[in-house]
Amino acid sequence: MWWNRRTTTETRDQTTPSAPPASPGPARFLDPEVLARIGSLELLARAVVEGFMSGLHRSPFTGFSTEFTEYRQYNPGDDLRYLDWRLLARTDRYFIKKYRADTNTQCHLLIDTSASMRYSQNGRISKLQYAKFLAASLAYLLNRQQDAVGLVAFDEHVHTHVPARSRTGHMRTIFGQLSLLEAGGETRLAESLHELAEILTRRGIVVLISDFYDRSERLQSAFQHLRFRGHDLVAFQVLDKNEIDFDFEDPILLLEDSETNEQMPVLPDVVMSGYRARMREHIDEMRRCAAANRVDYEMITTDQPLDFALFSFLSRRVEK
Amino acid sequence: MWFLNPLFWLGIAAVAAPILVHLVRRTRARKIEFPALTFVRQVPQRTIRRRTLRNLLLLILRCLAILLIVVAFTRPFFTRRSAAKDSSAGATVILVDSSLSMRREQMFAAAVQRAAAVIDEARNDERLALLTFGNRYEVVSRLTVDKARLRSTLRTLSAGWEGTDYEQALRGAESLLGEQKTGGPKRVVMISDFQASGWSQANASFKLSSDVQFQTFDVGGSNPQPNVAVTNVDAHGVVFGQKYLENLTVQLSNFSDTPRDRLEVNFQINDQTVEKREVTLNARETKVVEFTGFNVAEGANRCVIEVVAADFPADNKFYFTIRREAPAKALIVESASRGRSDSFYLQSALSLNDALPFNFTVKTAGTVNPAGVAENALVILNDAGSLSSALADKLKKFVQDGGQLIISTGPHTDANSFNESLRDVLPVTFRESVQTKAAESVALTDVKFDHPIFEVFRESGRLAAAHVFGYLRSEPKPAANVLARYEDGSPALVEGTAGKGRVLLFTSSLGPSWNDLPLTPLYLPLVHQMIRYVATTDEGSWYGLGQTFRVAKESKGDPPAVDSPDGTRLTDSRLTPDGDLLVTGRQPGFYRLRYAARPEFAAVDLNPLEGDFAKMDFGAFINGVTGGSGSAQGREANRSFTNEEIESRQKVWWSLLLLALLLLLTESLVAQRIKVTKMVG
């Protein structure tokens, strides 16, 4: 119904942060559904990052830990901000300064593989798949900047841990482990984060990818623990669009909890409004909890392009 | 409750449709793995329960609407029997109309079928009685609980030939219900075609008791069948000449609302067609056709008037008899006088009409042989003077035995002698003779114009112009009937009876001695009327159905055998104290009276009104019969007819459909509310 659709749209606007105006060309290739057809995570990550970077060539984000590497001849169209004015004054020649990334940062990608991450609606990619794509892309991006990248996967406990390395061959380990991840087990996110805070002794960037189905006060404690260890924390809450909208066409459904297998008959049209309100409250609490602990929080849905997540990640890093 | 179309109950299967839909939709719940069940669980479950209840309400509304539609199509109706199931057993009298009009189509069979249904529907302990009725009622079975016997009796019934009298039938029913002493409801069930001719609101004099329920079943249909009938024939039953000189009038009636053109009317005597006519009758018109101048054979003649029409055939024929007899002897006794006879004017008047049934002989009182008086059928004492005692005695006996006597006075009449000698037969006692002064006269007054003698003078008024100069003052006896008086109040014409005979007395003269009547045009018709009047016999040309007629015994003493029109010999006849036979006409046609010398016939005809099939004013009938003060329940019962009519009056299906529509509307509103809740939610 038109009013129903309108309501749905309004709800989405409230829960989704403002997305950047992605250019149509690259965005098409960064669509998760398209990327899902690429069998190799490495290829996928490369396609994402290269496409993403080429789309940003006129953007201000050239790297967050850059250092000067060389000069090159100025060509018309180059950004005048990188023109070496001193050299111009001395030699009356136009040169552009080029930089390269800092290689000292260590970044750990934390992926929630609990059973709830298995959910996908109508054959779309699951939340875990999306998380893997995102992790692969971020790993490729970080490795391209010579940062050390590690991988941690957990459900009730940490079951996969790849220490952070910056060498190129390390990526294959990361991608290999990523491709092996499967959803299962219950979510005990706060406990897992506390456990990781003890494992990750060297401070760095921690990227947490989860659906965050845990109580906010418990998460707040876990975030504080990680922040106490000196980590910069970036949280991606990955949700299926239908987890937010609860938009089912069936008049009645038998819902089964992914983790407890508890079943419950539901009339979607009756439950929808109450569910949406509670989901909004949960997301808002997550946002408040993240803000209170200076955690970079972003809620993304599995139908959003990956470059949106990369854009969000980079923009927040630049602000630091 | 009964159903006009019970087959539509098969449609009840349609109720399964919404139930199946409900079940199918309910079992189609898809199982989905969902991670955020925590938030779903936090939604109040009462919303879901309310929705479930609403769905159940929708299901019930849909099922109920379909059920009501199905029931509406079965056309249900309620009968009094079903309403009175719980009451104690009572008594019911079933009145089945067996009149002539019930012979139409299969009407009587339908009435019998309806009566059987009433018997079947009655409680086993209810007492039932069965009556058939036409003009009168016949108790077929008194109150009994033996239903089987009633049913078998019912099968033996057949429609009769009588007219209809609903009042008589109801009297019979009420009389039978009086035998019910054990209490309980009383009911009269009348099954008939309800002809208008069977009941007259103006003449209604009977009402059912207030505790009697009156139920009717009309098996006559709503459109009366068109009908043409011969409704009356006015003919002289006895004639004395070969040629029928009077007008034989035939009355034809068209009882329908459509005109009938060129109907053929046949007049037959002894199975030979005498004359044919063509008659056109407009809607609801009655027309008179006259026949005259036809020859009549000696003895009894069977006459039939038939209208040829392809409708109800029973009343298309009208039967009557004309018997030709030889003229009887009549004696005129006058006083001996010189010159012109006192009976000159009388003789002249009587000789001018061949149709008079007498051969007259004039004699003086002295020349009359008293023994021969009895040979005459009529004796006229025309100013006869004093009578010998022998003659007076014979005259008295003559009158007592049925002879007709006309007496006129005059100057020769000895009042005292008459008072003495004819005291037993004279209707008056003579007083003095009255003579008016010269050039004075008295007139006839106080004339009874409704009497057959004077009815022909009703319009003329000329009787008052007659001048009477002399008369015998008289005093009428108590039993006498004074037909006219003089101006002083003294009787002028007096009628009396003695024994089987009749005496007509004119206290003035039939000659010109005491009045100028013979010199006026009044004289001839007055004399003829007097002669005809005394000559009139009670014998008509036909009898009505149900009428009892007398069949005189044979000269040997035994009554003749009588065959009914269908040829069967009558056995249940009754005899009068004189030995004559009394026969009641039960069939239309000719009853053959088998006299040894020559057969005689008696014609019996139907009630002419029975051919009019127009329906009665039913409301007036019910009000008239129940007094209009019966209970509402009783009045409602009176409106019951056939099942179709009962159903048509009650129109339960209409209410059911309306209710179903309301349910569907409610269902739509509830469904819409659920839908809106879903969209807004």
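Every number here is computed from the coordinates shown, using simple stated rules; none is lab data. Keep in mind that this is a model prediction, so the values were computed, not measured. Note that each Cβ is placed from the backbone with ideal geometry, even for glycine, and that neighbours are counted across all protein chains shown.
Note on the protein assembly as shown: Cα-only Rg and Dmax are 63.0, 204 Å. Among A:Met171, B:Met530, sorting on how many other beta-carbon atoms sit within 10 Å of each Cβ, with the fewest leading, yields B:Met530, A:Met171. Each of the peptides B:553-560, B:586-593, B:57-64 was scored by the mean count of other Cβ atoms within 10 Å over its residues; in descending order, highest first, they stand as B:586-593, B:57-64, B:553-560. Of the trypsin sites (Lys or Arg not before Pro) found in segment B:400-466, the ones in coil according to DSSP and having at most 14 other Cβ atoms within 10 Å of their Cβ are B:Arg423, B:Lys437, B:Arg458. Here the convex hull built on the C-alpha positions of segment B:328-535 has a volume of 112 cubic angstrom per residue. Let me make sure I get this right: for segment B:477-538, a, b and c are the square roots of the gyration tensor eigenvalues over alpha carbons, sorted descending. Under 1.5 in a/c it's rounded, otherwise prolate if a/b > b/c, else oblate. Which is it? Because a/c hits 1.5 or more and a/b fails to exceed b/c, segment B:477-538 counts as oblate. When the pairs B:Lys363/B:Lys396; B:Lys147/B:Lys186; B:Lys207/B:Lys317; B:Lys317/B:Lys448; B:Lys317/B:Lys615 are compared against a 29 Å limit on Cα-Cα distance, B:Lys207/B:Lys317; B:Lys317/B:Lys448 fall above it. At a Förster distance of 22 Å, what's the computed FRET efficiency of B:Met1 paired with B:Glu179, Cβ-Cβ distance as r, to 0.05? With a Förster radius of 22 Å, E is 0.10. On full extension of the chain, what length is gained from A:Asp284 through A:Arg165, given 0.36 nm per residue of separation minus the C-alpha to C-alpha distance? This chain segment gains 39.3 nm when fully extended.
Dividing the summed helix terms, -39500 (n - 2.57) for each DSSP H run of n ≥ 4, by the number of residues in the protein assembly as shown produces a 222 nm estimate of -10000 deg cm²/dmol to the nearest 500. Here each label is just a point 7 Å from Cα along the line to Cβ, and for B:Leu20 and B:Asp120 those points are 3.6 nm apart. Shown is the FRET efficiency for B:Asp401 and B:Gln347, computed with R0 = 35 Å from the Cβ-Cβ distance and rounded to the nearest 0.05: 0.85. Within a straight-line Cα-Cα reach of under 29 Å, A:Lys241 can be paired with the following lysines, leaving aside sequence neighbours fewer than 8 residues apart in one chain: A:Lys127, A:Lys132, B:Lys31, B:Lys675, B:Lys678. Fully extending the segment from B:Asp450 to B:Asn295 would add 52.6 nm, taking 0.36 nm per residue of separation and subtracting the current Cα-Cα distance. Between the residues B:Pro411, B:Phe430, B:Pro357, the greatest Cα displacement towards the positive end of the dipole of segment B:328-535, with unit charges on the Cβ of Lys, Arg, Asp and Glu, is found for B:Pro357.
For segment B:87-166, the set of chymotrypsin sites (Phe, Trp or Tyr not before Pro) satisfying both a DSSP loop assignment and a count of at most 15 other C-beta atoms within 10 Å is empty. Taking every full run of DSSP H in chain B, the ones that stretch at least 30 Å from end to end by Cα along their long axis and average -1.0 or higher on the Kyte-Doolittle scale are B:45-73, B:652-680. Could you work out how far the C-alpha centroid of segment B:406-469 sits from that of segment B:543-577, in angstrom? Rounded to whole Å, the Cα centres lie 43 Å apart. Entry for chain B at q = 0.09 Å⁻¹: log10 I(q)/I(0) = -0.97, Debye formula applied to identical alpha-carbon scatterers, no solvent contribution.
With both labels modelled 7 Å from their Cα along Cα-to-Cβ, the B:Arg569 to A:Asn122 distance reads 10.8 nm.
List the GluC sites (Glu not before Pro) within segment B:63-170 that fall in a DSSP loop (any state other than H, G, I, E or B) and whose Cβ has at most 16 other Cβ atoms within 10 Å. Of the GluC sites (Glu not before Pro), the ones in loops of segment B:63-170 whose Cβ has at most 16 other Cβ atoms within 10 Å are B:Glu105.
Once the Cβ-Cβ distance between B:Glu487 and B:Asp393 is put in as r, and R0 is 35 Å, what FRET efficiency do you end up with, to the nearest 0.05? E(calc), rounded to 0.05, equals 0.45.
Answer rounded, prolate or oblate for segment B:374-470, using the Cα gyration tensor with square roots of eigenvalues a ≥ b ≥ c: rounded when a/c is under 1.5, else prolate when a/b is larger than b/c, else oblate. Oblate shape, in that a/c is at least 1.5 and b/c is the bigger or equal ratio. Given their separation in residues at 0.36 nm each and the Cα-Cα distance between them, B:Val145 and B:Glu459 gain 106.6 nm when the chain is fully extended.
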